[in-house]
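Written below as structure tokens is the structure these notes are about.
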Amino acid sequence: MSQTSRDPGPTRDVNTDRHQVDRRTLIRGAAATGAGMASLAIFGGVGAFPSPASVRTKAFAQAGAALPADAAPAEQQLWRQASDPTFAKVLDFYEAVYERPAVADLSSEPLVRLDKNFQIIPAAATEWSGSEDGKTWTYQLDPDLMWSDGNPVTAADWVRTFQYSADPAHAWDFTWFWSPVIVNYAAAVAGEVPVAEIGVRQGANVNELIFETVDPAPYLPSMLLYSAPLSAAALDSTGPLYNTNPETAVSSGPFILEEWARDQYLRYRRNEAYSGTLDIPMQHVTVKFAAPTTNFTLYEADEIDFMENPAPAELQIIQGDPELSEQLYQGVGDFRVDYLFFDVTKAPFDNLLVRQAFSHAIDRDAIKQQILGPLGNPAFSFLAPGFPASNMDALAGVQAFDPDLAKRLLAEAGYPDGEGFPDQELWLRAPTPVESAVGGAIGAMLTQHLNINVEIGPRDQKTFTDALNAKPTEIPLGFVSYGMDYLDPSNMLGVWLSGGRHSWTNESFDSGVQEATIFLGDEAERIAMFQAAERILVEDVPAVFIHYRTPVQLVKPYVAGDALVADDNGIAAIHWPGFSTGSTVPSGLYITQEAPADRS
Amino acid sequence: MRDGAAIEPVSMDRPGAPGVAAGGDGAPGIALAIPDRRMGEPRSVAYYAGKRFLRQRLAMVGLVITLFLIILGFGAPLLAPTGYAEADLMSANQFPTREHLLGTDTIGHDFLSRVMYGTRTSLMVGFAAVAVACLVGLPLGLAAGLYGGWVDFAVMRLVEVMTAFPGLLFAIFLMTVVGAGVGNIILVIGITSWVTLCRLMRAQLLLLREQEYVVAARGIGASEWTIATRHLLPNAIAPLIVSVSLAIPIAIFAEAGLSYLGIGINEPTPSLGKMVADSAPYIRVYWHLGLFPTLAIALIMLGFTFVGDGLRDALDPRQI
């Protein structure tokens, strides 16, 4: 063989290029954004929010504003990305959040959105304020905002939207998000009260919207990132699926549906009636449906302008190519963490010693070095570095890799050298190549260090999710990830509350998180409360935390704009949630004259 | 009246050709003694079939490949450098070296060991699945061919129902229901591939049971059991051997296909199909991850197909 030297692997010796961030930058930068975001959510929301008037401008094309000097002509302003057809069963957020391509949200303007520094900024709402007790939130709507059918966007649209979402006949897959927050929402979902009684109503006029919350909710402005409304008029005339057909599509966002060829492509055109705060150079958006494993091929063939999460081997190709490596960006994504979880209600994982043994048997550094490379960092806690209340350094020793200790703990638990330990199946959810490799490595390490046989059991998305959510859970041992919905510790830690995603219950943890969530006092004190709760989580080991994701992106060199310029923390990447009305990204990207003229 | 051709050999229809093991109409029969004109002593049909088989170069190549793979696969626990589940993550993604002759995979398994154990899995599934297919298909075909009437009607309707389902889709459905695993995949492939054997057995019996020697046996009072075991089955066995030998690579390929789709055999048990599937995202960098399991599948298919073709030619009565 000509190639006899040991290959360094796809993810080793990763050079930090101009778009990548090292861990220290990531921690420092994201911590700053997190803290800023948290303080904004807590304090900015309760008091009067700065007037957004200064940030409002009209869209380029409508105002006739010139594109940047190096921009391609307007007709070439087309944004192209790929999407997994598995998650494109519907186009409507209010039909199936987890089965719609996120780009479809471009048809609706939420109340707020995130800027590139993860700050909540006005969108359809121009300003908002909270009551003294933090339970009543009043949003002033942009009176100029119009639907594409000529109707004004009013509070009635949000009221109808939230009522529709809580309708038990609808059985929306995202009701869990609002149920603990909005007054009567959970009861409406359960069919116990009419949907008209939920805590979302019109205020003093059609441009005033009021939310009433069960508890003080300083994080509500962050949650309202998920508040893109349906058109009440379209709901009445066409029904909830009006945005799946170009002939009935109605938009309050910057784009409107042009064509949807199922499992092939999705195309949006500019909504000429849009008068929101995003100044978007793009005239069209095309989503090409393809399996994620083919994205790099599509990107190389100039079929798409952007892709995320290349496979490790693809990353090696990219890093070895002078041109492609210049197109590489790295961000923080949604602060996602991948972890191993147990059903702690059943043997053998009802034994803390067993769970601790597992936590000490997994070498995260080796996984980072040999599999993840720049795609992730070793995790020893649930809240990723940079996320508000992250406390990884203080918790790093609790689940640290120590195979000798792992063996001793397993022996103490009654399974010396793995004797008598039942064979296990490690469930994976529709794993990507990286997840498969990490899952395989975890299984191999448990065999190597604890002499436990672990079969790797990949499942499709639905089977896994149904089994995970079943009460009692049907997954004894699984590997899954979780990322934020909004930038507050209550969101991430909330997934571990009793009765939530996992079978673990801990009263101290529950009360700690719940008290911190509604705490309106000193920010540092609130953070400390969350950190104390997270320590309980890490020490009781309902999960073994494996790695925090640091997503890698490829963006064509002919794409430019402020979205690709480093943020206040030095991180240059297309930030979560990406090309969506929940973000300022769409207004921060344009196509330069260097782009091929025949892009489609 | 003769009880088939088992009582005495019959003369050849073609000058210079060995005797036909059959009744008066020339139906084949392996167990028959045939006179060798050169030696002046009778030889069995199996002897001549074996002789013809050995003369076929491709069949011999296939046999050598098959035997090599069988030794490699089933000898894996003794011959493989490491166990199939042993992994050293720090040695992941190595190209072939002296230490790892076929390199290592993405989590540090020795790839030679994985390919050897994967071959064992494939062979095991191939043999066992065809055994299941035989266990289901042959008795049904035998009953249908032997008894006819409502038994034949019932079996053939069942065959039609099975035929109506596209094989791969039905296998995917069953795998989804019963779950992954070696035992389950053997069961599923067996259940979805018995139809061919059943129909062949039935067709053979329908042909043979009208033969004069069967009628004669029945006329002298031979029991149905005697007729079936002494006259029908021995004469039907040759095409069945061919069919079974060709069914093995098909079953192996089905396992590879199902595992490629991610619904076959779970890690850490190695499966060649799954190894090929897993190599896809890495193929442009780590060529060895795709090449070696693909070669192993190709060799298995080639070996068994050559052997099957050789057996078909060797046992073809028209060659006798």
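The values are calculated or read from the model by the stated rules, or taken from the named source; none is laboratory data. Please read these numbers as outputs of a predicted model, since none were measured by experiment. Glycine gets a Cβ as well: all are built from the backbone with ideal geometry, and neighbour counts include every protein chain shown.
For (1) polar (S, T, N, Q); (2) within 14 Å of B:T305 (Cβ to Cβ); (3) touching a strand residue (DSSP E or B) at 6+ places or on another chain (Cβ under 6 Å), each residue gets a yes or a no:
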| residue | (1), (2), (3) |
| --- | --- |
| B:F53 | no, no, no |
| B:R57 | no, no, no |
| B:G62 | no, yes, no |
| B:F68 | no, no, no |
| B:I71 | no, no, no |
| B:L78 | no, no, no |
| B:T82 | yes, no, yes |
| B:L89 | no, no, no |
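Pick from region B:102-114 the residues that are assigned to a loop (DSSP other than H, G, I, E, B) and facing chain A (nearest Cβ under 9 Å): which of them is farthest from A:A366 (Cα to Cα)?
Restricting attention to region B:102-114, the residues satisfying the condition of being assigned to a loop (DSSP other than H, G, I, E, B) are B:102-103, B:105-108.
Now narrow it down to the ones that are facing chain A (nearest Cβ under 9 Å): B:103, B:105-108.
On the way: B:G103: 19, B:D105: 15, B:T106: 12, B:I107: 10, B:G108: 11 Å.
Per the stated criteria, the residue is B:G103.
Looking only at region B:280-307, how many residues end up being surrounded by fewer than 22 Cβ atoms within 10 Å (Cβ to Cβ) and either in contact with a Gly (Cβ under 6 Å, 6 or more places away or on another chain) or at pLDDT below 90 (or both)? Reasoning before the result, please.
Filtering region B:280-307 down to residues surrounded by fewer than 22 Cβ atoms within 10 Å (Cβ to Cβ) leaves B:280, B:283-285, B:287, B:290-291, B:294-295, B:298-299, B:301-302, B:305.
Adding the requirement that they be either in contact with a Gly (Cβ under 6 Å, 6 or more places away or on another chain) or at pLDDT below 90 (or both) leaves B:280, B:283-285, B:301, B:305.
Total meeting the criteria: 6.
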Options A:F296, A:F255: the member that is over 30 Å from A:I121 (Cα atoms) and crowded, with 24+ Cβ neighbours inside 10 Å: A:F296
Output for region B:286-320, where each listed residue is touching an Asp or Glu at 6+ places or on another chain (Cβ under 8 Å) and within 14 Å of chain A (Cβ to nearest Cβ): B:Y286, B:L289
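Just to be sure, is B:A236 buried (at least 21 other Cβ atoms within 10 Å of the Cβ), without any contact (Cβ under 8 Å) to a residue 40 or more places away in the chain and under 30 Å from B:F127 (Cβ atoms)? So that I can check it myself, show each step before the final result.
Values: buried (at least 21 other Cβ atoms within 10 Å of the Cβ): yes; without any contact (Cβ under 8 Å) to a residue 40 or more places away in the chain: yes; under 30 Å from B:F127 (Cβ atoms): yes.
Judged against the criteria, B:A236 is a match.
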Helices (runs of 4 or more DSSP H) within region A:199-307 that include 3 or more residues more than 14 Å from every other protein chain (Cβ to nearest Cβ) and either on the phi < 0 side of the Ramachandran plot or in contact (Cβ under 8 Å) with a residue 40 or more places away in the chain (or both): A:220-223, A:232-237
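Among the residues of region A:409-430, are any under 30 Å from A:A573 (Cα atoms), outside any strand (DSSP E or B) and within 13 Å of chain B (Cβ to nearest Cβ)?
First, pick out the residues of region A:409-430 that are under 30 Å from A:A573 (Cα atoms): A:428-430.
When the remaining residues are screened for being outside any strand (DSSP E or B), the result is A:430.
This time we only want the ones that are within 13 Å of chain B (Cβ to nearest Cβ), so: A:430.
Yes, region A:409-430 has at least one match.
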Cross-chain or 6+ apart pairs with Cβ under 6 Å, region A:444-467 first and more than 10 Å from chain B (Cβ to nearest Cβ), then exposed (fewer than 15 other Cβ atoms within 10 Å of the Cβ) and among the acidic types (D, E): A:N451/A:D417
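Can we say A:I362 is modelled with pLDDT of 95 or more, in a loop (DSSP other than H, G, I, E, B) and within 14 Å of chain B (Cβ to nearest Cβ)?
Details: modelled with pLDDT of 95 or more: yes; in a loop (DSSP other than H, G, I, E, B): yes; within 14 Å of chain B (Cβ to nearest Cβ): yes.
For A:I362, the condition - modelled with pLDDT of 95 or more, in a loop (DSSP other than H, G, I, E, B) and within 14 Å of chain B (Cβ to nearest Cβ) - is met.
Filter region A:118-177 for residues that are small (G, A, S) and more than 30 Å from A:F387 (Cβ to Cβ) and give the result. Break it down into steps so the answer makes sense when it comes.
From region A:118-177, those small (G, A, S) are A:123-125, A:129-131, A:134, A:148, A:150, A:155-156, A:165-166, A:169, A:171; that's our starting set.
Hits for region A:118-177 are A:S148, A:G150, A:A155, A:A156, A:A169, A:A171.
A:Q399: crowded, with 22+ Cβ neighbours inside 10 Å, away from chain B (no Cβ under 14 Å), modelled with pLDDT of 95 or more and not in a loop (DSSP other than H, G, I, E, B), yes or no? Spell out the reasoning first.
Working: crowded, with 22+ Cβ neighbours inside 10 Å: yes; away from chain B (no Cβ under 14 Å): yes; modelled with pLDDT of 95 or more: yes; not in a loop (DSSP other than H, G, I, E, B): no.
Criteria not met by A:Q399.
In the set B:S245, B:S259, which member is under 30 Å from B:M116 (Cβ atoms), among the small types (G, A, S) and within 14 Å of chain A (Cβ to nearest Cβ)?
Working: B:S245 fails: within 14 Å of chain A (Cβ to nearest Cβ).
One residue alone meets the criteria, B:S259.
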Region B:79-93: number of residues that are in a loop (DSSP other than H, G, I, E, B) and either more than 8 Å from chain A (Cβ to nearest Cβ) or under 14 Å from A:Q369 (Cβ atoms) (or both): 8
Number of positions in region B:63-106 that are out of contact with any Pro (no Cβ under 7 Å at 6 or more places or on another chain), among the hydroxyl-bearing types (S, T, Y), closer than 25 Å to B:I252 by Cα and surrounded by 20 or more Cβ atoms within 10 Å (Cβ to Cβ): 3
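Find the residue count for region B:169-199, including only residues that are surrounded by fewer than 21 Cβ atoms within 10 Å (Cβ to Cβ) and either in a loop (DSSP other than H, G, I, E, B) or not polar (S, T, N, Q) (or both). Quick ask: steps written out before the conclusion?
Going through region B:169-199, the residues surrounded by fewer than 21 Cβ atoms within 10 Å (Cβ to Cβ) turn out to be B:169-170, B:172-174, B:176-179, B:181-184, B:187, B:191, B:196, B:199.
When the remaining residues are screened for being either in a loop (DSSP other than H, G, I, E, B) or not polar (S, T, N, Q) (or both), the result is B:169-170, B:172-174, B:177-179, B:181-183, B:187, B:191, B:199.
Of the residues in region B:169-199, 14 are surrounded by fewer than 21 Cβ atoms within 10 Å (Cβ to Cβ) and either in a loop (DSSP other than H, G, I, E, B) or not polar (S, T, N, Q) (or both).
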